[in-house]
Structures are given as structure tokens and as C-alpha cells.
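Peer 1: Structure in C-alpha cells, see below.
The values are calculated or read from the model by the stated rules, or taken from the named source; none is laboratory data. Just so it is clear, the structure is predicted and the values come from calculations on it, not from any experiment. Cβ placement follows ideal geometry from the backbone for every residue including glycine, while neighbour counts extend to all protein chains displayed.
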Amino acid sequence: MVKRRGPRSKRARELQNQRSLLVDAVVVFGIVVSLGLIAVSVALNFRMGLRSADTELDGKLYGAGAACGDCLKAIAPFMMSWGLRHGDVLSAAAAVALFGICTSFSFVSSLGFAAEHRSSKAGTAQAQVDGYGDVRKERKRIEDALAFQGPQRSVREVQDEIAFRLKQRVWAGGQAVGVLSDNCAVDRKSTRAACEEVAKLKVELAASNEVQRLTAALQHPSLQSPEHVTPLTSDAQVDALAGVFGLVTDAVKKEHIGLALSILLACFIEVGSGVGLFMVTTPWRAKEVEAAKTLSVPKKVLGHVDTYMLARIEPGEDLLSVKVLHEDYARWCLSINAVAYTEAEFSKRLDVLAAEAGIATTTRAQRPYLVDVRLAGVAKGDMA
């Protein structure tokens, strides 16, 4: 059995060390995350303080003060715990007051930021919704105009036909229509019929140009199909939660849900930055408390018999048994937080010291006694 205790004890120590390392890693990770939340909260307080002043200098002062107060908020739980542990009520009360004031101000700042962000997001989404409605109207107008124009030949085809008509000759060996009529600008009897055809083609050319312009406008990126446009919603998270609450009750409105989400975000930031660092360092502080308790427990030492004799035994006329002396010795050791020897060991050491000090000993009924001594503070005859 003895040989098997070594490996088990070693294995237990290894497991304990592994657990300790894991706890330290989790604490360090928690500290990093908590510091990140504190940094976010400090930045939000600085921004809100910066916006609350009329001048740039005042804004920077307000922002710096709010940021410093937010840092004190993270330290306040440690000060409160220290004050309670050491009985410093004033320090603990000051820490509570500081934590409450800083948390309240920081909570309002975070809530304002969350509400402002959500309002800005809703405004942007509404602008996109309005823009989408305008896009749909413009697309409908262009599509109606194209439907009114109907199918048309391409601009190039119509232009080629006009050029062909103008190059035709009036009679065999005569001049071309375009040359004789100055491209149908001059009314001549011989070119009148040809120019009427050219005029009709120019009307068709105008219609072809309009169709080409409308088609190009319809293909512009700003007038693309609805699947490329932002969905018709101002806040998808609010809409989803509204749908969930709508299954239970109709009393909860989207405005209430948006406010609740803003409050939840502010609480998340402030609770995390305020007590997160205190919470994640709990294992380390617990170790410190245990170590302090271990150090505060006084170490017990052996109650030396010679010290006891100097403190309790005086010259006198009593006859004291070793048993009575050992009982008094045990009480003396308890009073000084010492460990007493057993009666046999006490008797052995007492005999040696009595011989050195010249104290006579005797035996009665097989019980050893010291002769002509008494206990300090005890009257004659009170001890057997």
C-alpha cells in the first residue's frame, strides 16, 4: 500500500496543477474581455461628454472627466470588497456611492448612444425605402413610355434608309434627291414624293432614338430590379422580435421593442465593464484569501517543560504529584497556544530538570511527587 501512494499523490498534484493553469488561463481571458468592455464604455462616455459641450475645449474636458469616472467604476467593486473585508465601512460606502453615480451616468451615455444608433439606422432605412418607391415609379414611367412607342427599328437601320432615299436619282442620269432638294430643305416638284418618304423616316428615326434612350435609362444601375434593392424594413431585429411577441400579444409595439433593445445593450456594456473585471478575478482573490488565512493561523510549538517550571513552580511546602503538574502544564500550554508533551514524556523531562534544580522527589503509592514546591498563585494545601 505504501508503494502505491507515491504515484497517486504525484498524479493528484499534476491534476491540481493542470486545473490551476486552466483557471489562470480563463481568468486572463476574462480580464482581456473585461478590459475590452471597459475600453468601449470609456469611449462611449468620452463621446457623449464631448457632444454635451458648446466648445471643443469644454467637450474634451467633459469627455475626459466622463472617461476617468468610468475607469473608477471598474475599480469601485474592489474597493468595496476591501472595505468590507477590513471593516472600513466609510471606504465601502464611498465605493458604493461612486459605483452607483458612475454607473448611472455611464448607463445614460450608453443608452443614448444605442438609441441614437438605432434611430439613425431607422432613418437610413426609411430613406432607402422612400428611394426604392421613387425607383419603382420611375421604372413604371419608362416602361409605359416604351409600351407607347411600341416596337421600333434600330437607329442605324432608319439612318441607312434615309441616306439611301436621298441618294436616289430623280430621273435616269439626273441628280440625286438630296443634291437637287438640298436634303429635302427645298421643295421641288420632282423630289416631293421622295422627300415625303424621307420625312416619314425622320419621324421613325425620332421614335427609334427615344426608344434607345428609354432602354438605356431602364438599364441604369439605379433602376435595377427590386432584388438588388434594400429590403423594405427599418430594423430586421425589431421586426423579428415583433413577430415573436405578435404570436402572444398585440400590446407590444415596435417602439417598445426598440427601447428595450437599447436598454439591454446599455446594461450589457455597463454591467460587463463595471463588475466584469471583479467577477473574473474571483479565483485569484479566493487564493489570496486562503493564503492570508493560512498565514494568519499561528503555528503551534511545543510547550517546553523548563519554561513551564520557571513560570509555574515555586519553592514551597507542598507535595505535588506529577499527574497534577501535568494537568496544570496542559492548561498552561493551551493558554499560550502550545502543544503539550504526553504525561510520560513530561514526567521524564521533569525528573531531569528537578535533579538539575535540586528539587527533591519521592514516590507514594507508585506515583511520583515533587517535594517542597508549590504552583504559583495557588495557596498551600489547594493542590494534591
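Peer 1: Mind counting the residues in region 304-325 that are touching a residue at least 60 places away in the same chain (Cβ under 8 Å), out of contact with any Asp or Glu (no Cβ under 7 Å at 6 or more places or on another chain) and in a helix (DSSP H, G or I)? Spell out how you get there, then give the answer.
Peer 2: Taking region 304-325 and keeping what is touching a residue at least 60 places away in the same chain (Cβ under 8 Å), we get 311-314, 316-318, 320-321, 324.
Subset that is out of contact with any Asp or Glu (no Cβ under 7 Å at 6 or more places or on another chain): 311, 313-314, 318, 320-321, 324.
Narrowing further to those that are in a helix (DSSP H, G or I): 311, 324.
Total satisfying the criteria: 2.
Peer 1: Based on what the data block shows, is ALA43 at pLDDT below 80, out of contact with any His (no Cβ under 6 Å at 6 or more places or on another chain) and surrounded by 14 or more Cβ atoms within 10 Å (Cβ to Cβ)? Lay out the reasoning, then the answer.
Peer 2: Working: at pLDDT below 80: no; out of contact with any His (no Cβ under 6 Å at 6 or more places or on another chain): yes; surrounded by 14 or more Cβ atoms within 10 Å (Cβ to Cβ): yes.
Judged against the criteria, ALA43 is not a match.
Peer 1: Among all residue pairs at least 6 apart or on different chains, which show Cβ distances below 6 Å where the first residue, located in region 204-217, is among the small types (Gly, Ala, Ser) and the second is part of a helix (DSSP H, G or I) and surrounded by 16 or more Cβ atoms within 10 Å (Cβ to Cβ)?
Peer 2: Partner pairs satisfying both residue conditions: SER208/VAL155; SER208/VAL158; ALA217/ILE142.
A quick yes/no check of all residues on (1) at pLDDT 75 or above; (2) over 30 Å from LEU44 (Cβ atoms); (3) exposed (fewer than 14 other Cβ atoms within 10 Å of the Cβ):
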residue	(1), (2), (3)
VAL211	yes, yes, no
GLU227	no, yes, yes
ALA251	no, yes, yes
LYS254	no, no, no
LEU259	no, no, no
LEU265	no, no, no
GLY274	yes, no, no
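Peer 1: Tell me, please, whether a residue that is within 28 Å of THR281 (Cβ to Cβ), crowded, with 16+ Cβ neighbours inside 10 Å and at pLDDT 80 or above can be found in region 112-122.
Peer 2: Looking for residues that are within 28 Å of THR281 (Cβ to Cβ), crowded, with 16+ Cβ neighbours inside 10 Å and at pLDDT 80 or above, one finds none in region 112-122, hence no.
Peer 1: For HIS326, work out the one condition from (1) assigned by TED's automatic domain parsing to the domain that holds ALA25; (2) at pLDDT 85 or above; (3) of a type outside the set (A, V, I, L, M) it doesn't fulfil.
Peer 2: (1)
Peer 1: Related question: Out of region 158-210, which residues are among the small types (Gly, Ala, Ser) and touching a strand residue (DSSP E or B) at 6+ places or on another chain (Cβ under 6 Å)?
Peer 2: So the first thing to find is which residues in region 158-210 are among the small types (Gly, Ala, Ser), and the list is 163, 172-174, 176, 178, 181, 185, 190, 193-194, 199, 206-208.
Within region 158-210, just ALA176 meets the criteria.
Peer 1: Could you tell me whether ARG156 is out of contact with any helix residue (DSSP H, G or I) (no Cβ under 8 Å at 6 or more places or on another chain), modelled with pLDDT of 80 or more and not small (Gly, Ala, Ser)? Give the steps one after another, and end with the answer.
Peer 2: Working: out of contact with any helix residue (DSSP H, G or I) (no Cβ under 8 Å at 6 or more places or on another chain): yes; modelled with pLDDT of 80 or more: yes; not small (Gly, Ala, Ser): yes.
Considered against the rule, which asks whether it is out of contact with any helix residue (DSSP H, G or I) (no Cβ under 8 Å at 6 or more places or on another chain), modelled with pLDDT of 80 or more and not small (Gly, Ala, Ser), ARG156 comes out as yes.
Peer 1: Check ALA384 against each of (1) outside any helix (DSSP H, G or I); (2) modelled with pLDDT of 90 or more; (3) of a type outside the set (Val, Ile, Thr) and name the one condition it does not meet.
Peer 2: Against the list (1) outside any helix (DSSP H, G or I); (2) modelled with pLDDT of 90 or more; (3) of a type outside the set (Val, Ile, Thr), ALA384 comes up short only on (2).
Peer 1: Which condition number in (1) touching a residue at least 24 places away in the same chain (Cβ under 8 Å); (2) loosely packed, with under 14 Cβ neighbours inside 10 Å is the one that ALA338 fails?
Peer 2: For ALA338, the exception is condition (2).
Table: residues versus (1) assigned to a helix (DSSP H, G or I); (2) at pLDDT 80 or above; (3) under 30 Å from SER262 (Cα atoms); (4) within 55 Å of the chain's Cα centre (by Cα).
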site	(1), (2), (3), (4)
GLY174	no, no, no, no
CYS184	no, yes, no, no
ARG192	yes, yes, no, no
VAL203	yes, yes, no, no
